[in-house]
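Below: one structure, written as structure tokens.
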Amino acid sequence: MENYTMLQFFEWYYPADGSLWKHFANEATRLKKLGIDSVWLPPAHKGMEGDQSTGYDAYDIYDLGEFDQKGSVRTKYGTREEFINCISAGKEAGLKVYVDIVLNHMGGADEKETVTVKQVIPDNRNEFMSEPFEIEAYTKFTFPGRAGRYSDFQWDYQCFSGVDYNATTKETAIYSIQNQYGEGWQDVLDLENGNYDYLMLSDIEFRNPHVREELKRWGEWFYETAGFNGFRLDAIKHMDPEFFNEWLDHLRGKYGQEFYTVGEYWSPYDLESILNYIEATGRRMSIFDAPLQANFFKASKEHSDFNLCNIFDNTLVNVLPELAVTLVENHDTQPLQSLEQTVDSWFRPIAYALILLREAGYPCIFYTDLYGSTYKDTGNDGKEHEITLEKIDKLEALLYARKHLAYGNQNDYFDDPNCIGWTREGNDEFEGSGVAVLISNADDQTKTMQLGTRHAGKTFVDYMGNVTEELVIDENGQAEFIVREKSVSVWGEKRN
Ligand code: CA
């Protein structure tokens, strides 16, 4: 089977100029040629900041850039028509297109309501610090700009379990709403903060059966409107896993489609919690390997003090490779973002070799590594920063090696804290396949590795171009491979 690669086709600071959908449509054919097979697009619906919203602050999930709401018709990324066109262009180019689904919360309510709440302790959400009292809350969504088109469902406080703003006193805190569907928060698996149901804005109440039915109807409408191939699910750590079981089963059953799905359960230091979620969702979805991304971050900061033999310790790809989506960076971990945990640039080609050239995992490339980016924002230190992210020159070579070379048996040489390597022996299905990868986080290194006798006598070169010497594989199928300091070399057969 051919190796597949996903691309996250956006970053947090992509300009809010309405160009992203067109940009993707223009790039689709080139991306396929580079070795990309699937693309994760950002949320397509209108967010509470209109054309400035990334979409993770969902306002109206039926407004894909069609209605004059929140100060604009289009979204940050373009219009409804451009969105639908770009999915068609992606599919025509042979790409699978995954859409981003944000159903944990909504923001930008049209009207206030008087609701009864209890205030909770932020780091222990199961503890109430008040008796029930009334506040005015932004919980009524009527979508006047859409005026009932596609759905006349209106959201009120019965559809939400919590808010963070008391409009009566203008205070910000976490308030648990008393509605008819349940007392307190919904059970979610993650025990961080006592209960992590509440993340932000108006938290959706999935115990309300009308909400679940409406979201299934919306899923049908969205698929029939846009014709995508799969989903990326936002903030699932803050949602009852039962909801997505029901939602995915409904859509998969109704349309007889696989709808490949990857969920964002962001727990970089708690693999157990991720595995519990996978069990609770009965393997219906893959999960981003946040623990692996955290290991890459740590390795990039510790330089030669990091033991490379431990790079896959406590990662999802190590224990459940078939459900792991591996990544180096995303729109939340990039510099100045909420979960900032940026892998230093010297280590990024190494990290990409680790996710692209091994058997395990479904790798996802981050937008800036292919396109670069420059932006300004206030960091966690409260200061303004200007960031320039360079694209990785060698990423295209790594994508080529994944598509054409990284096949066959894998032999690991994780035997030196500062120098690890592996080989893929190649197979008959992919002519010229077979690759040897060597990584150093210290000085220049060499390692003798077995590539298989099928390669005896062949000349190998470093596809990364870091090592200029050529090597000849000996009669036993081995060679002493070379890597330069703090880099990765990717050895494949020399081609004319
Ligand atoms: Ca929630």
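The values are calculated or read from the model by the stated rules, or taken from the named source; none is laboratory data. For clarity, every value in this text was computed on a predicted model and none was experimentally measured. Virtual Cβ from ideal backbone geometry, glycine too; neighbours counted across all protein chains shown.
Here are a few things to note about the model shown:
- Per the conditions (1) within 24 Å of ASN3 (Cα to Cα); (2) under 32 Å from the mean Cα position of the chain (by Cα), the sole criterion not satisfied by SER440 is (1).
- Here GLU224 passes the criteria (1) of a type in the set (Asp, Glu); (2) more than 14 Å from the ligand (Cβ to nearest atom); (3) assigned to a loop (DSSP other than H, G, I, E, B) except the one numbered (3).
- The number of residues in the range 106-133 being touching a helix residue (DSSP H, G or I) at 6+ places or on another chain (Cβ under 7 Å) and in contact (Cβ under 8 Å) with a residue 60 or more places away in the chain comes to 1.
- A single entry from THR388, THR368 fulfils the requirement of being β-branched (Val, Ile, Thr), buried (at least 23 other Cβ atoms within 10 Å of the Cβ) and more than 17 Å from ALA299 (Cβ to Cβ): THR368.
- Residue count, the range 195-211 (criterion: touching an Asp or Glu at 6+ places or on another chain (Cβ under 9 Å), within 9 Å of the ligand (Cβ to nearest atom) and in a strand (DSSP E or B)): 1
- Among (1) under 30 Å from ILE36 (Cβ atoms); (2) in contact with a strand residue (DSSP E or B) (Cβ under 8 Å, 6 or more places away or on another chain); (3) of a type in the set (S, T, N, Q), the one test that THR114 misses: (1)
- Pairs are defined by a Cβ separation below 6 Å, a sequence spacing of at least 6 or placement on different chains, a first member in the range 173-186 that is closer than 17 Å to SER130 by Cβ and modelled with pLDDT under 95, and a second member that is within 12 Å of the ligand (Cβ to nearest atom) and in a loop (DSSP other than H, G, I, E, B); the pairs so defined are TRP185/ASN195; TRP185/ASP197.
- Selection within the range 384-431 - hydrophobic (A, V, I, L, M, F, W, C), assigned by TED's automatic domain parsing to the domain that holds ALA456 and part of a strand (DSSP E or B): CYS419, ILE420, TRP422
- Unmet criterion (only one of (1) surrounded by 15 or more Cβ atoms within 10 Å (Cβ to Cβ); (2) of a type outside the set (S, T, N, Q); (3) within 12 Å of the ligand (Cβ to nearest atom)) for ASP187: (1)
- When the range 434-455 is filtered for residues that are surrounded by fewer than 21 Cβ atoms within 10 Å (Cβ to Cβ), free of Cβ contacts under 8 Å to residues at least 40 places away in the same chain and not in a strand (DSSP E or B), the ones remaining, listed by number, are THR453, ARG454.
- Qualifying positions in the range 265-311 - in contact with a strand residue (DSSP E or B) (Cβ under 6 Å, 6 or more places away or on another chain) and within 19 Å of GLU322 (Cβ to Cβ): TYR265, ILE274, MET285, SER286, ILE287, PHE288, ASP289, LEU292, GLN293
To keep it simple, each residue is scored yes or no on (1) in contact with a Leu (Cβ under 9 Å, 6 or more places away or on another chain); (2) on the phi > 0 side of the Ramachandran plot; (3) not assigned by TED's automatic domain parsing to the domain that holds VAL343.
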residue	(1), (2), (3)
TYR255	no, no, no
PHE259	yes, yes, no
ASP270	no, no, no
TYR277	yes, no, no
PRO291	yes, no, no
THR315	yes, no, no
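- Residue satisfying condition, being part of a helix (DSSP H, G or I) and in contact (Cβ under 8 Å) with a residue 24 or more places away in the chain, within set PHE67, PHE83: PHE83
- Lone unmet requirement of (1) outside the structural domain of LYS46 (by TED's automatic domain parsing); (2) surrounded by fewer than 21 Cβ atoms within 10 Å (Cβ to Cβ); (3) touching an Asp or Glu at 6+ places or on another chain (Cβ under 9 Å) for LYS96: (1)
- Screening ALA25, ALA109, ALA44, ALA16 for residues that are in a helix (DSSP H, G or I) and of a type outside the set (Val, Ile, Thr) leaves exactly one candidate, ALA25.
A quick yes/no check of all residues on (1) aromatic (Phe, Trp, Tyr); (2) farther than 30 Å from ASP187 by Cβ:
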site	(1), (2)
ASP68	no, yes
ARG74	no, yes
TYR77	yes, yes
ARG80	no, yes
LEU95	no, yes
HIS105	no, no
ALA109	no, no
PRO132	no, no
